[in-house]
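Each value in this text was obtained by applying a stated rule to the coordinates, not by laboratory testing. In this text, all values refer to a predicted model and were calculated from it rather than measured experimentally. Virtual Cβ from ideal backbone geometry, glycine too; neighbours counted across all protein chains shown.
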Amino acid sequence: MKSKLAITSLLTAITASLCCITPVLALIAGTSGVASTFSWIEPFRPYLIGLTIVVLLFAWYQKFKPEKEIDCGECETDEKPKFMHSKTFLGVVTAFAIVMLAFPYYSSMLYPKTEKQIIIVNNSNIKTTEYKISGMTCASCEAHVNHEVNKLNGIVNSKTSYENGNSIIEFDETKTNELEIEKAINATGYKVTDKKEN
């Protein structure tokens, strides 16, 4: 029972963070188009986090509650519990669940930094466009969009916000254009719904 509770909490923790784990896995696998596959889970994330916490608390309660004494004559009581039933296993599961639940807050660190030298020949060539984007649910989505856009030549700056559902991109129009930027964003699996020049 206790090991089942631990495994249940582990599964709910992973499911709660699946929408944020997928973009990182997609980047590693080179299939960035599947990044938004699990974005539909985001509205359920608070409930999954709550369920994970409740199941873990109940598992720890079960582990520490006093056992009922049974008179069994000369029973052996020094038998060590199996690893799956031990406090160590429950501790490992708890630590892993915490790491999974916190994933959206540190996932952007897993994206490689795209260091590139930007040479601006003429400031009149610099253009700023705001792209409205649907499907982003966390900081991992922001990092994914920024990573893909910054692969293009001529990108001066990109600032993406999942909360505002947009990306404001500053670029040199002699090196790239709005259509190329839109294609890069759409390649992530999130969709550009509107754009306007700033």
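Taking the Cβ-Cβ separation of ASN164 and ALA187 as r and a Förster radius of 22 Å, what is the calculated FRET efficiency to the nearest 0.05?
The pair ASN164/ALA187 has a calculated efficiency of 0.60.
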For this session: Take each of the peptides 82-89, 150-157, 178-185, average the number of other beta-carbon atoms within 10 Å over its residues, and list them starting from the highest.
Result: 178-185, 150-157, 82-89
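Using the beta-carbon distance between HIS85 and TYR47 and R0 = 25 Å, what value does 1/(1 + (r/R0)^6) give for FRET efficiency, to the nearest 0.05?
Values: r = 28 Å, r/R0 = 1.12.
Working from the Cβ atoms, E equals 0.35.
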Exercise. Roughly how many nanometres apart are two label points built 7 Å out from the Cα toward the Cβ at VAL156 and LEU57?
Worked result: 5.2 nm
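Provide the net charge surrounding SER167, with neighbours chosen by a C-beta distance below 13 Å and charges set as Lys +1, Arg +1, Asp -1, Glu -1.
Once positives and negatives cancel, what remains is -3.
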Problem set entry | Net +/- balance of residues flanking ASP194 in space, Cβ distance below 13 Å, scoring K and R +1, D and E -1 | 0
Exercise. Could you list log10 I(q)/I(0) for region 111-197 at q = 0.11, 0.16, 0.18, 0.25 Å⁻¹, which the Debye formula gives when each Cα is one point scatterer?
Worked result: -0.26, -0.55, -0.70, -1.28
Problem set entry | 18 Å Cα-Cα threshold exceeded, pairs from LYS132/LYS175; LYS127/LYS191; LYS151/LYS195; LYS159/LYS196 | LYS132/LYS175; LYS127/LYS191; LYS151/LYS195
